[in-house]
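Participant: First the structure, which I've put down as structure tokens, then a few questions once you've had a look.
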Amino acid sequence: MSDTEAGNGRRSSLHGFWSSKLAFILAVTGSAVGLGNIWKFPYVAGENGGGAFVLIYLLCVFAIGLPIMMSETLLGRRGRRNPVASMALLGEEEGRGSWWQVVGFSGVLAGFFILSFYSVIAGWVFAYVGKSVSGAFVGADAAIVKDVFGGIAGSWVATAGWHTVFMLVTVVVVARGVERGLEQAVTLMVPALIGILLVLLGYSAATGEFEMGVRFLFEPDWSKVSGTTVLAALGQAFFTLSIGMGCVMAYGAYLPQETSIPATATAVVCADTAVAILSGLVIFPIVFANGLDPMAGPGLIFEALPLSFGNMAGGVVFGTLFFLLVGFAALTSAISLMEPAVAWWVESRGATRARASITIGLIIWALGFLSVFSFNLLADYTFLNGTFMDNFDYLTSNIMLPLGGLLITVFCGWFMSENSVTDELNVGTGRLYRTWRFLTRYIAPVAVIFVFLNAVGWLDWLSAAAA
Ligand code: PFF
């Protein structure tokens, strides 16, 4: 990043700028590609019956997620502050009041909740690097991989230990401000991840129930779709794209003025979707060939993938490399989860970055114990949507992020003057602009509200009342 302003007499960023358009794309791709694609997408698709869920998810990604990612970037770049301050500033500037900062606060809070469980899963990924190196999966069958997973998840000491390691690494990176170096590494990470997924795809195609896997992922069975399925697909779209919680806004604040927002957002969304779909194509053929349960939940990839690595040539090397890459992908996402809170803390309290990251990291680490215990000590303690972790996940993905996204899209589409919008987006007022504007004003907000009402059963109630 450089500290020079992009000119045009606009506000200058308090934290400098990305050195190039590519640096921004890499940072947002690093944020988007993570456990959401490799761990969460397959298991949520599995729990929701596959095909129909996947198609709705893709629709949500492109018709709702992409325009919202553009809006969020636009707001960040125009505000040039942390998400709380940016929204307060833009709200005032557009004559709508500073209360719009709730969008920023909700994002800061969502970041705390998400990272608290994200770190627990990422900890397992770290643990699996060690397991792969030691050859624990060589020749493994379904019983062995289940045993290994149960041994880690079932032990709160092991899970807490790895959660601690992951949070430590995250805080050190954020505190020392070495993210820029990591972003460059994303140039290697994403292609390498896709490369290994392609190798695994070859293995799944050769030895797994490939056709069954493909059918499961893409053949829609609409009878399995309910209001909650649609909400799960929408929530997954928000989670995987890192939108609706100010993370893209925080990164947008450092974006040079001349960079094209539609082009960068489209690149990120396509890369993210490719990784998710590939990982689904890798996992389900293995799941079906080995009699695993597609509804296995959060443990799904920790059982399915070691089966591939354990039984393929070069599996120790590929397995180790794979879990390393996924751990790294999780790290670049974790960093972005802390960014709204850290930037806000630094700007509003004048704290150093180091102090802010350590304090915030400690709070998240402590909160993470509720998710650690969700797999062992408190596994049977369920309420609302399941364990503590299930509830954090549901609350953030399915409620906070879509609600944040709704406010972002409504602000951009309805409350910002068209002059400000076109000035910031800087793509003229041609077809591209008009499509984005239509999606932002009508499709995205109406779809999010519709999905919410559908999930709580109000649509059924309304149609029954109307009949
Ligand atoms: N998008 C990340 C993933 O798919 O793993 C998770 C995430 C990061 C969610 C940042 C939300 C966020 F703001």
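Read-outs: derived from the displayed coordinates by stated rules, not from any lab. Owing to the predicted nature of the structure, the values given are computational and were not obtained by experimental measurement. Neighbour counts run over all protein chains shown; Cβ positions are idealised from the backbone, glycine included.
Participant: From zero up to wherever the largest Cα-Cα distance of the stretch 322-414 sits, split into 5 Å bins and tell me the percent of pairs in each.
Facilitator: 3, 11, 12, 16, 20, 19, 12, 6, 1, 0
Participant: Another one. Nothing charged except the Cβ atoms of Lys and Arg (+1) and of Asp and Glu (-1): what's the magnitude of the dipole of the stretch 265-385 about its Cα centre? Round to the nearest 20 debye. Don't skip to the end; give the middle numbers.
Facilitator: Values: 3 positive and 6 negative charges, 81 e Å.
The calculation lands at about 400 debye.
Participant: If each residue's Cβ is checked for other Cβ atoms within 10 Å, how do S20, S116 rank with the fewest at the top?
Facilitator: The fewest-first ordering by Cβ neighbours comes to S20, S116.
Participant: Oh, and also: Quick one: putting +1 on the C-beta of Lys and Arg, -1 on the C-beta of Asp and Glu, what dipole do you get for the chain around its Cα centre, in Debye to the nearest 20?
Facilitator: On the way: 22 positive and 28 negative charges, 193 e Å.
Once rounded to the nearest 20, the dipole reads 920 debye.
Participant: Send over the Kirkwood Rh of the stretch 162-313, from the inverse of the averaged 1/r over different Cα pairs, rounded to one decimal Å. Don't skip to the end; give the middle numbers.
Facilitator: On the way: mean 1/r = 0.0546 Å⁻¹.
Evaluated over the stretch 162-313, this radius sits at 18.3 Å.
Participant: Related question: Going by Cα centres, the stretch 300-317 and the stretch 401-467 are how many Å apart?
Facilitator: Here the answer is 43 Å between Cα centres.
Participant: Taking the stretch 260-389, how much of its Cα-Cα pair set, in percent, is spaced more than 26 angstrom apart?
Facilitator: Everything past 26 Å amounts to 49 percent.
Participant: Right, here's the next one. Treat each spin label as a single point 7 Å out from the Cα along the C-beta direction, and report the L198 to A142 distance in nm.
Facilitator: 3.2 nm
Participant: Another question, if that's okay. Quick one: P(r) of the stretch 240-292 from all Cα-Cα pairs, 10 Å bins, percents rounded to integers, in order of increasing distance.
Facilitator: The calculated distribution, bin by bin, is 19, 36, 22, 15, 7, 1.
Participant: Which chymotrypsin sites (Phe, Trp or Tyr not before Pro) in the stretch 352-385 pass both tests, a DSSP loop state and at most 10 other beta-carbon atoms within 10 Å?
Facilitator: The qualifying sites: there are none.
Participant: What is the extension gain from F383 to T352, computed as 0.36 nm multiplied by their sequence separation minus the C-alpha to C-alpha distance, in nm to one decimal?
Facilitator: That works out to 7.2 nm of additional length.
Participant: Please work out the C-alpha center-to-center distance from the stretch 221-299 to the stretch 121-173 and express it in whole Å.
Facilitator: Using only Cα atoms to place each centre, the spacing works out to 23 Å.
Participant: Over the stretch 389-460, what is the relative contact order in percent, taking alpha-carbon pairs closer than 8 angstrom and at least six residues apart? Mind showing how you got there, number by number?
Facilitator: Values: 24 pairs, mean separation 26.8, N = 72.
In percent, rounded to a whole number, it is 37.
Participant: Alpha carbons only, please: Rg and Dmax for the stretch 243-333, in angstrom.
Facilitator: Values for the stretch 243-333 (Cα only, Rg and Dmax): 17.4, 53 Å.
Participant: Return the equivalent ellipsoid semi-axes of the chain as a descending list in whole Å, where each equals the square root of 5 times an eigenvalue of the C-alpha gyration tensor.
Facilitator: 35, 26, 21
Participant: Work out the charge dipole of the chain with +1 on the Cβ of Lys and Arg and -1 on the Cβ of Asp and Glu about the Cα centre, then indicate which of T435, N376, G177 is farthest towards its positive end.
Facilitator: With unit charges placed on the Cβ atoms, the residue in question is G177.
Participant: To continue, here is another question. Once R0 is set to 35 Å, what does the formula 1/(1 + (r/R0)^6) return for the Cβ-Cβ distance between D423 and T359, expressed as a FRET efficiency to the nearest 0.05?
Facilitator: 0.40
Participant: Then there's this: Under the definition of Cα pairs under 8 Å and six or more residues apart, what whole-number percent is the relative contact order of the chain?
Facilitator: 33 percent
Participant: What is the stretch 88-229's relative contact order, in percent, from Cα pairs under 8 angstrom and six or more apart in sequence?
Facilitator: Computed value for the stretch 88-229: 18 percent relative contact order.
Participant: Across the chain, how many lysine pairs, 8 or more apart or on two chains, come within less than 30 Å at their alpha-carbon atoms?
Facilitator: For the chain, the number of qualifying lysine pairs is 6.
Participant: Go ahead and estimate [θ] at 222 nm for the chain from helices alone: -39,500 (n - 2.57) per DSSP H run with n ≥ 4, summed, over the residue count, rounded to 500.
Facilitator: It lands at -23000 deg cm²/dmol.
Participant: While we're looking at this one, here's another question. Can you work out the base-10 log of I(q)/I(0) for the stretch 1-137 at q = 0.10, 0.11, 0.17 1/Å, using the Debye formula on its C-alpha atoms alone?
Facilitator: -0.52, -0.62, -1.17
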